[in-house]
Amino acid sequence: MTRLSGWGGMSAPAVERLSEDLEQITIGAALTRGLGRSYGDSSLPPPDNPTVAASPLADRLLAFDEHTGDLRAEAGYSMRDLMHRFLPRGWATPVTPGTQFVTLGGMVAADVHGKNHHKDGTIGRHIQNLRVRVGTGAVVTCSPSVEPELFWATVGGMGLTGHILEVTVRLVRVPSPWIIGFSRRIGDIDEFMVALKQAASEWPYTVGWLDCLSRGPHMGRGVLIAGRWATRDEAPAGFPKPPIKLAVPFVCPSWVMGHFVGRIVNEVIYRVHRKTAKLKIMNPEPFFYPLDAIANWNRLYGRRGFTQYQCVLPDSAGPDAVRNLMARLTKSGGASFLCVIKDCGDEGHGLLSWPRRGVSIALDMPVRDNTQQLVDDLNEFVVAHGGRVYLAKDAYTRPEHFRAMEPRLAAFEAVRRRWDPNGTIRSAQSIRLFGDRP
Amino acid sequence: MNAVVFGATKGIGRAVARELAERGDRLFLLGRHHDDLQRSATDLDVRCGRSAVAGSAACDLSDPATFAPALSAAKTALGEIDIIVVTAGEFGTQAALEADLPRAHALLAANFTNTVVFCEEARRYLLPRGGTLCVFSSVAGERGRKPVILYGAAKAGLTRYLEGLDHKFRSAGLKVVCVKPGFVKTSMTAGLKPPPFASTPEQVARIAVKAINRGTPVVYAPGIWRLVMLVIRLLPRGVMRKIVF
């Protein structure tokens, strides 16, 4: 038996079924897995049924409607191919996460969000139709109007309501394949909150990179990034060239992502950005997927790997909550290079859809002896302020914290049980957090 | 160009069909199952935003009686055929084949005898006006190696056949391209641990299409395997008996 790993390095014994025929390989499988970009244990199987259906070879396009933009594809179809194929034809995905190495099925399961969440919501809002193999073995078609309960439990349901076989997503028309955007320095966390709010009213895509190693008056300094699709007049002739790709060829020693290197990198990133905004034309690939420029960047974190802590704090928690969370993060010193802040829009209809109106903070942390303690502390804070963590990133949350964060869990579980009375579809994560039988 | 792809619904064949469709070729797809062929035809049309596939026909490598009608249907649909690509093939690990003689027999028949019979049929369509026959052999056929004795033997035979075909018919206008991939991550090799230099169907397809354009008689995919296999071919028998590779 081989082992499968989440992107952060957590692994489990697994029997991976790899085939173009996703419908066939999902029969009896505990879980379906796409490109393995969820950070924690969401795509790892339970110990008693280690069978995982791997979807990436099920990547055929089944229909495209030039009038509505509805694209129907097998669930293993990747965001990378979608953007490469449809941008030159004037279409783009309505929502994309921070990597293009995700499948449509994985995007639906995590109900991913992107830089335009404040305006366009999660991917679930743009899904027209799903074909799902539910736990009883039956294949069911669902949509917001047909079997809506199953549909909205599957959107953001982490693959636990059934194996997603086909997805219909409504693409959006874009005026050009180029992005026009800007980035500028932000002095501290308070300025950041104001700047994000202001940018959100003017730009469809906004995000902030935070230097979470800076303390004191500079705590929460960083870079604000915003953009939109360039109009035809603004766009240069031709199609953006694929950017140069680097790769991390081997697993690095753990000091590579240590505090010292982190300080230097954060300082450099901060300094290379301008104090004032200047608009520039950009290739969408580095704009949406800056980390995809380095293949296997997860290897930088060494053998023990890393985890990403991503939580959303609702508006009701107040601006002080974000500042206090930042203070905890910087004090703990567990953080490293990547810390991202984003203002979220309204909650989606997915029963477990993660984002809600408020502020999302995500940070990568190398796994150390104190990682569990660190996550516990942050979770105590998040629970107290009515927030919740993102399951696609999570590997360390305790079930009691998760339950306190998710009053919606009972409703989700009720739908899940209806379609899978014997509890056949499970993941290592659902055993850890949902109370599934191990 | 008008191209026929045998094995177009899966793995390397799927990737080759996509590569050819994207550069503007008109395709005719051959494969085992009618529904699967339809689905792949739709995929290629939607990808290219045009009608890229002229048709498809059921063709089964284990059943030579299906070859002639399938190629005839391709000729009818395309008018003329410029390129025929054969990626269809079977795979089994040495252990699995040793334990199951009927399966070994079927694999040897499919990968050697029937593939050769298909090529004999195919060259009739290409010879009169010139064309390219691109067939996927394997680096496994380069040397008798412990992990791939049976599979490798069939591929070695296929490689020699393609070599002879090239020698005899090149001057008459038939370009024979023999592609020798190393380990490729497909459903055929699922469950096996990828060795160094493992590649994807897309990488192999790009190399194959370039070789079709140039009429290269033998191409390794990726190219590093030419060097690796040169070394393997030079190893003395005593060493080959000892190593597991």
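All of the numbers you see were taken from the coordinates with simple rules; none came from a lab. No experiment lies behind these values; they were computed from the predicted model shown. Cβ sites come from the backbone with ideal geometry, for glycine too, and all protein chains shown count toward neighbours.
Taking the Cα centre of each part, how many Å lie between segment A:104-144 and segment A:44-79?
Segment A:104-144 and segment A:44-79 have Cα centres separated by 11 Å.
What ranking do B:30-36, B:227-233, A:116-122 get when scored by the average of other Cβ atoms within 10 Å per residue, highest first?
Answer by packing, highest mean first, reads A:116-122, B:30-36, B:227-233.
With only Lys, Arg, Asp and Glu charged, each at its Cβ (+1 for the first two, -1 for the last two), find how big the charge dipole of segment B:192-245 is about the Cα centre; round to the nearest 20 debye.
Rounded to the nearest 20 debye, it is 240 debye.
Other chains near A:62-74: what is the mean number of their Cβ atoms within 10 Å of each residue's Cβ?
Mean number of neighbouring Cβ atoms from other chains: 2.
Please grab the % of Cα pairs in the protein assembly as shown that end up more than 39 Å from each other.
Every Cα pair in the protein assembly as shown considered, those over 39 Å come to 38 percent.
Roughly how many debye, to the nearest 20, is the charge dipole of the protein assembly as shown about its Cα centre, given +1 on each Lys and Arg Cβ, -1 on each Asp and Glu Cβ, and no other charges?
2180 debye
Placing +1 on the Cβ of each Lys and Arg and -1 on the Cβ of each Asp and Glu in segment A:16-93, which of A:LEU31, A:PRO50, A:GLY76 has its Cα farthest towards the positive end of the resulting dipole?
Highest projection toward the positive end goes to A:GLY76.
Based on the mean of other beta carbon atoms within 10 Å per residue, what is the order of A:243-255, A:220-232, B:51-63, most packed first?
Result, highest mean Cβ count within 10 Å first: A:220-232, B:51-63, A:243-255.
So what are the three principal axis dimensions of segment A:237-343 from its Cα atoms, in whole Å, longest to shortest?
47, 38, 25
Most fluctuating residue of B:ALA172, B:ALA208, B:ALA41 in a GNM of chain B with Cα springs under 10 Å: which is it?
Taking springs between Cα atoms under 10 Å, the residue moving most is B:ALA172.
Average partner chain C-beta neighbours within 10 Å, per residue of B:41-47?
Partner Cβ neighbours, averaged per residue: 5.
No partner Cβ under 4.7 angstrom, meaning no disulfide-compatible partner by this rule: which Cys of chain A qualify?
A:CYS142, A:CYS252, A:CYS311, A:CYS344
How long is the gain from B:LYS168 to B:GLN38 if the chain were fully straight, where each residue apart is worth 0.36 nm and the alpha carbon distance is subtracted?
So the chain would gain 43.1 nm between B:LYS168 and B:GLN38.
Using the 2.2 N^0.38 Å rule of thumb for compact globular proteins, work out how segment B:92-217 stacks up: its C-alpha Rg over that value, please.
It is 1.11.
Tell me, what does the Kirkwood hydrodynamic radius of segment A:238-287 come to in angstroms if you use every pair of distinct C-alpha atoms?
14.4 Å
If you take every DSSP beta bridge whose two residues both sit in the protein assembly as shown, what share of them, in percent to the nearest 5, is antiparallel?
60 percent
Given a Förster distance of 25 angstrom, what is the FRET efficiency for A:THR2 paired with A:GLU66, based on the Cβ-Cβ distance and rounded to 0.05?
The calculated FRET efficiency here is 0.05.
Taking +1 at the Cβ of each Lys and Arg and -1 at the Cβ of each Asp and Glu, which of A:VAL169, B:LEU165, B:SER72 sits farthest along the dipole of the protein assembly as shown towards its positive end, judged by Cα position relative to the Cα centre?
Looking along the dipole axis, the top candidate is B:LEU165.
Highest GNM mean-square fluctuation, chain A, Cα pairs closer than 10 Å: which of A:ARG426, A:ARG133, A:ARG215?
So, out of A:ARG426, A:ARG133, A:ARG215, the one fluctuating most is A:ARG215.
For B:LYS155, give me every one of the lysines with a C-alpha distance below 17 angstrom, ignoring sequence neighbours fewer than eight places off in its own chain.
Within the straight-line limit of under 17 Å, B:LYS155 reaches these lysines: B:LYS146, B:LYS180.
Using 1/(1 + (r/R0)^6) with R0 = 51 angstrom and r between the beta carbons of B:PHE245 and A:VAL268, what's the FRET efficiency to the nearest 0.05?
According to the calculation, E is roughly 0.70.
Going Cα to Cα from A:LYS197, which lysines come in below 27 Å? Please leave out same-chain ones fewer than 8 positions away.
A:LYS115, A:LYS119, A:LYS275, A:LYS278, A:LYS280, A:LYS331, A:LYS342, A:LYS393
Given Cα positions, please report Rg to Rh for segment A:353-434, the hydrodynamic radius being the Kirkwood one.
Dividing the radius of gyration by the Kirkwood radius yields 0.99.
Mind listing P(r) for segment B:2-242? All alpha-carbon pairs, 10 Å bins, whole percents.
The calculated distribution, bin by bin, is 8, 33, 38, 17, 4, 0.
How big is segment A:179-399 on each of its three principal axes, counting only the C-alpha atoms and giving the largest first in Å?
Result, largest extent first: 53, 44, 39 Å.
Show which lysines lie in cross-link reach of B:LYS185 when reach means a straight Cα distance below 18 angstrom and same-chain residues fewer than eight apart are skipped.
Answer for B:LYS185, where 18 Å is the Cα cut-off: B:LYS10, B:LYS193, listed by chain and number.
With only alpha-carbon atoms in the gyration tensor, what are the semi-axes of the equivalent ellipsoid for segment A:61-174, in Å, largest first?
22, 15, 13
How about segment B:41-117: which GluC sites (Glu not before Pro) there are in a DSSP loop, with at most 16 other Cβ atoms within 10 Å of their Cβ?
Those satisfying the criteria are B:GLU80.
For the Cα atoms of chain B, what angle does the longest principal axis make with the long axis of helix B:67-78, in degrees from 0 to 90, nearest 10?
40 degrees
Which value in nm describes the separation of the simple spin-label points at A:ARG323 and A:THR231, placed 7 Å from the Cα toward the beta carbon?
Distance between the two pseudo-spin positions: 4.0 nm.
Sorting check: for B:177-183, A:373-379, A:90-96, which peptide has the highest mean count of neighbouring beta carbons within 10 Å, and how do the rest follow?
Listed from highest to lowest mean packing, they are B:177-183, A:90-96, A:373-379.
Determine, from the Cβ-Cβ distance of A:GLU202 and A:GLN372 and an R0 of 60 Å, the FRET efficiency 1/(1 + (r/R0)^6), rounded to the nearest 0.05.
Calculated transfer efficiency: 0.90.
Work out the mean other chain Cβ neighbour count within 10 Å for the residues of B:186-198 and drop it here as an integer.
The shielding value for this peptide is 2.
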